[in-house]
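> What follows is a single structure, and I will ask about it in a moment.
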Amino acid sequence: MKRLVLLGALAIASLPVMAQDADLAQADATEMVAVADEFTEIETSELPEAVTNAVSTNYPTATINKAYVNEEKQYKLEVALEDGTAGTLYADKEGNWLDM
């Protein structure tokens, strides 16, 4: 009988934790969509010279495949290296790297 009471108490205590995890997962998904929506694609030729210089200085073998900008003039760059690695970089209009 003690085991049954203990098991019931543990089950009730775990319900708020499970509900909180579901709320966090939903909030994270919403935030990711919001961040992705604020960038709009631009031509790579429209990038500021400071941004292209930062890429060529720090990643000399990189090619900018796509570029995006948001209202705050922050740039999202999809780049590929000669070795086939690809990644995303973020920079401000002065060519400073951003941690996003």
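> Residues of region 56-100 with backbone nitrogen within less than 16 Å of a virtual label 7 Å along the Cα-to-Cβ line of Glu49, please, listed as ranges.
Within reach of a label on Glu49: 56-57, 93-96.
> Further, regarding this structure: Can you tell me which of 80-92, 42-54 comes out highest on packing, and rank the rest after it, using the mean Cβ neighbours within 10 Å?
42-54, 80-92
> For a quick check of your reading of the filter: which trypsin sites (Lys or Arg not before Pro) in region 60-100 sit in a DSSP loop and have no more than 12 other Cβ atoms within 10 Å?
Here the trypsin sites (Lys or Arg not before Pro) that fit, given the DSSP loop and packing criteria, are Lys73.
We did not get these values from a lab; they are worked out from the coordinates using the rules stated. All figures in this text were calculated on a predicted structure; none of them were measured in a lab. Using ideal geometry, Cβ is built from the backbone for each residue, glycine included, and neighbour counts are taken over all protein chains shown.
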